[in-house]
1. Take TYR129, project a point 7 Å from its Cα along the Cβ direction, then tell me which residues of the range 151-176 have their backbone nitrogen under 19 Å from it.
2. So what J values fall out for the range 374-383 if you push phi through Karplus, 6.51 cos²θ - 1.76 cosθ + 1.60 with θ = phi - 60°, rounded to Hz, Gly and Pro as x?
3. Using a 7 Å offset from the Cα along the Cα-to-Cβ direction at both PHE389 and PHE252, what is the distance between the two label points in nm, to one decimal?
4. Could you give each residue of the range 114-129 its phi-based ³J(HN,Hα) in whole Hz, using Karplus coefficients 6.51, -1.76, 1.60 with θ = phi - 60°, and x for Gly or Pro?
5. Counting other beta carbons within 10 Å of each residue's own, what order do VAL111, VAL10, VAL494 fall into, fewest first?
6. Using alpha carbons only, how many angstrom separate the centre of the range 328-403 from the centre of the range 1-21?
7. Here is the link list: LYS74/LYS124; LYS384/LYS457; LYS335/LYS359. Which ones come out longer than 20 Å on Cα distance?
8. Determine the sum of side-chain charges near ASN337: Lys and Arg each +1, Asp and Glu each -1, restricted to other residues whose C-beta is under 14 angstrom from that of ASN337.
Amino acid sequence: MTVPLSEISVSSCETYHLKGKSLLYGRTFLKVLKYHEPGFAPVLGDDGAYHINLDGTPAYEYRFKRTFGFYNNKAGVESSEGWFHIHADGTAVYSERYAWVGNFQEEICTVRDFKGSYFHIDKKGIPLYPDRYAYVGDFKDGIAIICDEQEGHTHIDREGRFIHSKRFRQLDIFHKGFARAKDDRGWGHINKTGDFIYEARYVSIEPFYNGLAYAEDNNERLLLINEVGEIIKIIRDVHNHSNDLSADMVGFWKTWTLYAGISLKIPDALPADLKQISERTNISPSKLKRLLRALWELDVVRPVDFETWELTEKGNLLKPIETSFLAAAGLMWGKVNKVWENLPALLQTADEIHHPSFKEEETDDNWIKIYNRALDGYAEKDFKNIADFPFWKDHTFLLGFGRCSLTILPLLLGRYDHLKVLESTESLKKADAILFPRFLHYFPDEEGIFRLKNSKKQLTQKGAIYIFEMFLENDTPMGGLFDLNMLAETGGKVRSLEEWQDLLLSSGFELTDVHKISPALSVLKGIAL
C-alpha cells in the first residue's frame with residue numbers, strides 16, 4: 001500500500017490512524033504516534049512497543065518499552081537495558097545504552113548518560129566531543145545549545161567548539177541569523193557573535209518572522225519590533241502605571257520582611273508546625289502567622305497544611321543562616337536601607353564628599369562577619385569565571401584593592417602557577433597588574449583620582465590596572481538605583497564608560513581594553529601614560 005504520509009492522521013482517541021476520514025488499517029492499539037519516513041509509526045500494543053507499516057502490521061519482531069518516530073532513518077526506543085536508537089529493521093544502531101535519547105537531527109543526536117550528563121553522538125553512536133553538560137539541545141544548521149550548570153547557556157558547533165564567548169540564563173537556537181537569549185535583564189535577540197542586536201529586554205519574545213518579532217515588555221505591552229529593536233506596532237497597552245508606582249513606594253516592605261525573617265531565624269526553624277516554630281523563635285502564634293504569610297508572598301516559605309510550614313527552593317538559599325551568604329546579605333541590606341534617609345540632603349549638597357560606609361564604622365564583630373560574608377558571597381558568584389580571561393598570562397606580580405580582591409586573587413593563583421601576590425610589607429617591589437574589583441565606585445571623582453595616582457607609584461612601567469565595575473549607558477536606566485545607593489552609602493558613584501575614560505586620563509592612565517563579564521559587570525584595562 002502506498003499512501004503519502006501527509007494524508008495520514010492520528011485518530012482523536014490516539015489508538016489508530018486515518019487516511020482522510022477512513023481507517024488506514026483494520027485494528028486498534030493502546031497508543032499510536034504519527035507516521036514518519038520511511039513509512040513507520042510508533043505504537044504500543046498488548047505485547048509492547050514497536051513500529052508498524054502502513055498496513056498496520058509490525059515492521060520487525062522486536063518489542064520495547066517505548067518507541068518514537070524515525071528521524072534520519074533512526075528511531076529512539078526504550079528497553080529494559082536503557083535507551084538507544086534502532087534501524088528500520090529493529091536492530092540497534094550502536095551498542096551503548098543511555099538514560100534517555102532524543103531524535104536525530106542533521107545526523108546528530110542528544111543523549112543523557114546514567115550519570116545525568118548530556119552530550120551529542122553522531123550517526124554511528126560515537127560522542128562528538130569529550131565534554132559533558134547539564135543539558136544540550138538539537139542541532140540546527142550546524143549549531144546547538146549547551147547548558148553548563150554553573151556558567152549558563154551558550155552555542156557550540158559540530159566539533160563541540162563554542163561559536164562565541166557569551167553565556168546566558170536561557171537561550172534558543174538560531175533562526176534566520178538570530179537567536180532568542182535571556183540575561184539578567186530579560187529576553188532579547190543575539191547575533192552569532194553572541195551580542196544583543198538592541199538594548200531593550202522583554203518579559204517574553206518570539207523569533208523573527210520575516211523581520212518582525214512579537215514581544216511583551218515589562219509594562220505588559222504587546223509589541224511588534226524589527227531587527228534593530230524599533231517598535232513597529234503596539235498591539236496592546238493596558239498597563240496600570242498607578243499600580244506600578246504604588247508598588248515601588250512600598251518596596252521596602254520586602255527588605256524588612258526578609259530582614260525580620262532572617263533575624264528571627266525562621267529559615268533554620270523549618271520545616272515544622274506552628275507551635276514548634278513559635279517555641280524556636282519566641283514569636284507568638286498569632287504574629288508568627290502574619291510573618292509566615294508575608295514570607296509566603298515572597299515565595300520564601302509555603303504552608304503544607306496551614307499549621308505546618310516549609311521552605312521553598314528559594315527559601316532554602318537562606319539556610320543555614322550562620323553560613324548562607326544570602327542570609328547575611330538580607331541582614332546587610334536592612335542596614336543599608338537606613339542610610340537612604342539621608343539621600344534628599346545628599347542630592348542637594350553641591351560638593352561630592354566621601355564619607356565612610358556604615359560597614360567601615362561597624363565595631364560589632366558579629367556584624368562585621370555578616371557584612372564580609374555577604375560581600376564575599378556576591379564576589380564568588382560574580383567573579384567565578386574571572387580566571388578565564390587571557391590577559392593574566394601577561395603578568396607576574398599582582399596587587400589588589402578592596403574586599404573583592406580576597407576572592408579574585410585566590411582564583412587567579414589557583415589557575416596560574418606563575419602569578420604571585422604582593423604583600424603590603426613588600427614596599428620595594430612593584431606590581432605589573434593592580435586590581436580594583438568593585439572598589440572605586442565607593443569614591444567620588446576626586447578621591448578616585450587620588451587612589452589611582454597612588455596606585456601608579458606601585459606599578460611597573462609596563463604594568464596595567466584592571467577596574468571591575470558596572471557601566472551606566474545612555475540608552476538604558478540600568479544601574480541608576482545602584483548609583484544612588486553609592487551616593488547614600490559613601491558619597492560614591494557609578495560611572496559611564498566616558499566618565500571612566502576621563503577619570504583614568506586625569507589619573508595618568510589610558511583606557512586600552514573593555515571586556516563585558518555580565519550585564520552588570522565589565523573590566524577596564526588601563527596602562528600608564
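1. Only 151-175 fall inside the zone, counting backbone N under 19 Å.
2. Residue by residue, the range 374-383 yields 5, 5, 5, x, 4, 5, 4, 6, 8, 10 Hz.
3. According to this spin-label approximation, the distance is 3.7 nm.
4. 6, 8, x, 8, 9, 6, 10, 10, 8, 5, 9, x, 8, x, 6, 7
5. Fewest-to-most Cβ neighbours within 10 Å comes out as VAL10, VAL494, VAL111.
6. 66 Å
7. Going by Cα-Cα distance, LYS384/LYS457 fall outside the 20 Å limit.
8. Counting the neighbours of ASN337, the net charge comes to +2.
None of the figures in this text is laboratory data; all of them are computed from the coordinates on show. These figures come from a predicted structure and were not determined experimentally. Cβ sites come from the backbone with ideal geometry, for glycine too, and all protein chains shown count toward neighbours.
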